[in-house]
Amino acid sequence: MPSKIKIVSGKANHSLTFKVKAYKQMVNLEGSLPSNGIFPIFCGFLPCDFFSDVFRKLMAVIKPFTALRPSKESAQLVASVPYDVVNGEEACAAAERNNLSFLRVTRSEIELNKNINPYSPEVYKKAKENLELLKKEAPLKVDDKPRFYLYRLIMNGKAQTGIAATFSVDDYDNAVILKHEKTRKEKEDDRTNHIATTKAQTGTVFLTYRGVKKINDIVGETTNNLDPVYDFTASDKVKHSVWILPDKHNQTITDEFKKISKLYIADGHHRAASASRARKVMANNNVNHKGDEEYNFFIAVIFPAEEVNILPYNRIVCDLNGLSEEEFLNQVSEKFEIQKTSLKEPAQRRSFGMYLNKQWYSLKARDSIIASLSLSDSVGSGLDVSILQDFLLNPVLGIDDQRTSKKIDFIGGIRGTSELEKLVDSGKAAAAFSLYPVSVEDLIKISDAGEIMPPKSTWFEPKLRDGLLVHLI
């Protein structure tokens with residue numbers, strides 16, 4: 001790096017973009033404001049040390065960790081679905097007759113009075129007690145030194161393999177790790193309290209990035225030549241395998257990620273946000289806080305984008321907003337071409353399936369919609385979930401905010417279109433819509449643009465299991 005950099009242009013805002021001139025070459029950089037929040041706007045030469053904080057933030061930090069994890073023999077019993085994909089009854093049923101289920105930690109209210117507030121202090125105290133109990137009974141042991149792990153998921157013959165590690169909370173706070181969803185305060189409060197009470201991150205964030213050949217080669221070499229420490233097929237037919245990465249690769253992994261300026265949250269926005277909030281709580285309570293404590297990092301598995309599988313997130317609506325079936329179809333036809341069909345899922349973008357009164361229809365956005373999208377500056381306005389919202393759900397059905405409206409609900413694509421039919425046929429819903437899945441490239445573009453997707457836009461499958469790798473803080 002040169003000893004000095006000349007600022008050519010700059011602007012101080014939340015997401016700082018500036019250009020520097022170094023060795024007579026123009027280099028475009030994107031980053032966040034330095035930690036002191038000060039950035040000079042003038043032309044001149046400055047020592048490169050001034051930019052060290054900015055440059056550091058441009059590098060993704062990945063760190064091995066000493067995982068708390070079960071024995072090979074008990075791994076399948078301990079491993080549980082993520083806490084937020086099951087309701088209380090489902091969690092209770094899943095943990096029934098299995099004292100080692102990690103749901104007893106992540107959803108500890110299932111062992112308390114059924115009328116208890118799931119966000120009460122007693123629930124988090126019980127979670128801590130159950131984690132300590134599980135350490136003895138599973139048992140769960142802490143590895144002898146910090147390690148990287150590889151986690152492979154196989155569903156329907158398709159494999160995806162990621163690196164399990166810890167990532168910098170600073171990178172999350174400073175938009176090196178990008179998000180695409182808003183979070184809800186009550187859900188953040190829940191996991192923040194859970195982390196702060198148990199002193200453990202029990203839920204894993206799902207990250208993605210544009211794959212790097214050198215990293216992919218290391219992953220392939222390890223999974224092809226070494227035996228996994230865990231290897232089992234869960235009840236949903238998803239195969240879970242975990243390897244310990246040989247130490248000789250640690251520095252290469254670390255160095256390669258330093259070259260990556262952006263990582264992306266695929267799934268686990270509330271877990272990441274809660275890790276950030278828990279860090280603040282624990283740092284404030286630590287008079288000797290230095291910044292390198294384990295609570296400054298959060299556990300995640302990061303997968304190359306080309307391996308990630310996204311399913312659609314379908315919609316059901318509770319009523320037709322006072323319209324008759326004929327009136328409803330007439331209004332929809334103003335913006336969409338409608339045809340009766342036997343197909344239940346759209347075959348391409350900007351088309352939709354609609355189930356109404358035991359009949360499937362195909363909806364295709366009219367040319368007028370496509371033309372209007374071309375004039376928009378927003379990346380997200382062209383997503384199918386946005387088209388459905390802006391041209392049907394809002395103007396026709398009066399659903400102005402999907403986050404708060406009681407007239408709409410969301411059905412993960414893993415449940416299939418049969419679930420949509422069942423809900424409509426039973427009278428629990430008036431109509432259902434099946435969507436074409438958002439692509440990983442869409443997710444990356446939205447995140448890069450600093451935009452937020454509509455709620456429930458992506459359903460990632462298969463899911464990582466809780467309990468196999470826990471990060472103690």
Only listed residue being without any contact (Cβ under 8 Å) to a residue 24 or more places away in the chain and either more than 24 Å from PRO437 (Cβ to Cβ) or surrounded by fewer than 16 Cβ atoms within 10 Å (Cβ to Cβ) (or both), chosen from GLU337, GLU327: GLU327
From VAL81, VAL86, residue being in the same structural domain as TRP243 (by TED's automatic domain parsing), under 25 Å from the mean Cα position of the chain (by Cα) and at pLDDT below 90: VAL86
Selection count where residues are over 23 Å from GLU186 (Cβ atoms) and crowded, with 20+ Cβ neighbours inside 10 Å, scope the stretch 77-94: 2
The lone exception for ILE414 - which of (1) touching a Gly at 6+ places or on another chain (Cβ under 8 Å); (2) at pLDDT below 95 it fails: (1)
Selection count, the stretch 186-234, where residues are charged (D, E, K, R), more than 29 Å from LYS128 (Cα to Cα) and free of Cβ contacts under 8 Å to residues at least 24 places away in the same chain: 4
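Residues checked against (1) under 15 Å from PRO312 (Cβ atoms); (2) in a helix (DSSP H, G or I):
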site	(1), (2)
SER378	no, no
ILE387	yes, yes
ARG403	no, no
LYS406	no, no
SER418	yes, yes
VAL424	no, yes
ALA429	no, no
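The values are calculated or read from the model by the stated rules, or taken from the named source; none is laboratory data. Everything numeric in this text was worked out from a predicted model, so none of it was measured. Note: ideal-geometry Cβ built from the backbone for every residue, glycine included; neighbour counts use all protein chains shown.
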